[in-house]
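First comes the structure, then the notes that go with it.
Every read-out reported here was derived from the displayed coordinates using simple, explicitly stated rules and does not represent laboratory data. Predicted model only: the values in this text are computed from it and were never measured. In this analysis, Cβ positions are derived from the backbone assuming ideal geometry, glycine residues included, and neighbour counts consider all displayed protein chains.
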């Protein structure tokens, strides 16, 4: 998935993570809280989708083009670029890589169908802290959740505007696309040290393009992409350069999308901010607002063991309070926070100690729990940092 860097993280830990982007811009969204003080009641974050939602032809075509898929014909800009030699070459490379990724996803789907039984999944929100643009794993494991809520450090960004690009510029966009997708395709997570450069070029910015590409590969059409401002009063206040303001100001993007075959409508809300407890003092209602989506499903993957640290206690406590199902690897919530009196935890794969730079995340109690298994549950796909050696860890925690 991803990995995120927080400057305040203790012991100089090296963390990895990701970003986001957008096309259309709007301001506040009706379902989410708009003020710092919590409201007495909160409306459902997702507005009711129309029976047969239309979709944004340009945004969908752009995502298809970057994904290496033959775009839906009819948009002159997209049709022109799809005829270039650069795109023909890009398409072959992307389709070859995607064919390999689909084999991995097929194993994940088998595990999901056999092991992941979430009651009323279609009525629940997936909460994915430290997500970056990892739509791919979220959609594979939780395909029927109507709403996904991601948050991480990276800024949103936007889909590339292809209309005025020359062929050499377009070729550069395609090259940047392949670089941006490399680690999720190969490792099944992102690396911040790379992504901060890959998603910050003049032609390819943020994680929205990455998520839109994944949606296209999964057969989705984009209905709209718009900006989300949870707390406009604070946004205005922190725009003042003389104000006491956070080092990383909150920004957000929302993508509404539908399945091209079934018409199933979903929504992904992505928020960019520093989620360390100290930084959240600038946005005191953020965690509470996110946590109102309950009962939710929690998801954590390649999360740099951030929730092992007391600096991220608010996010950890929110997940434990809001979710009745949590799927994660060992980098998520420490095993000790799932007491047997409250949670049933099933373990999959093999426990391996964290890589050297993240050794503070070692969990002797989790190691002992794996060792005590008489018949370990297999995990036939990479899930986390040990993607190469077959020693991935997956915990499925269900509230009792």
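The table that follows gives values for the structure above.
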item	result
Per-residue Cβ neighbour rank within 10 angstrom, fewest leading, 367, 386	367, 386
Share of alpha-carbon pairs per 5 Å distance bin for the stretch 216-255, given as whole %	6, 18, 21, 15, 12, 9, 8, 7, 3, 0
Exposure proxy order (Cβ contacts within 10 Å, fewest to most) of 77, 208, 258	77, 258, 208
Order of 135, 370 under a 10 Å beta carbon neighbour criterion, fewest first	370, 135
Euclidean distance between Cα centres, the stretch 54-75 to the stretch 326-388, Å	40 Å
Order by protection proxy (mean Cβ within 10 Å, highest first), peptides 375-384, 235-244	375-384, 235-244
Peptide ranges 344-350, 176-182, 91-97 listed from the most packed, as the mean C-beta count within 10 angstrom indicates	176-182, 344-350, 91-97
Rg in Å to one decimal, and Dmax rounded to a whole Å, for the stretch 78-156 via C-alpha atoms	16.7, 48
Cα pair distances of the stretch 265-330 binned at 5 Å [whole percent]	3, 15, 25, 29, 20, 6, 1, 0
Principal semi-axes in Å for the stretch 192-336 [√(5λ), Cα gyration tensor, largest first]	25, 23, 17
Distance between the stretch 268-322 and the stretch 94-156 - C-alpha centres, whole angstrom	18 Å
Contour minus Cα-Cα distance for residue 340 and residue 76 (0.36 nm per residue)	89.1 nm
Mean Cβ count within 10 Å, highest first, over the residues of peptides 210-223, 307-320	210-223, 307-320
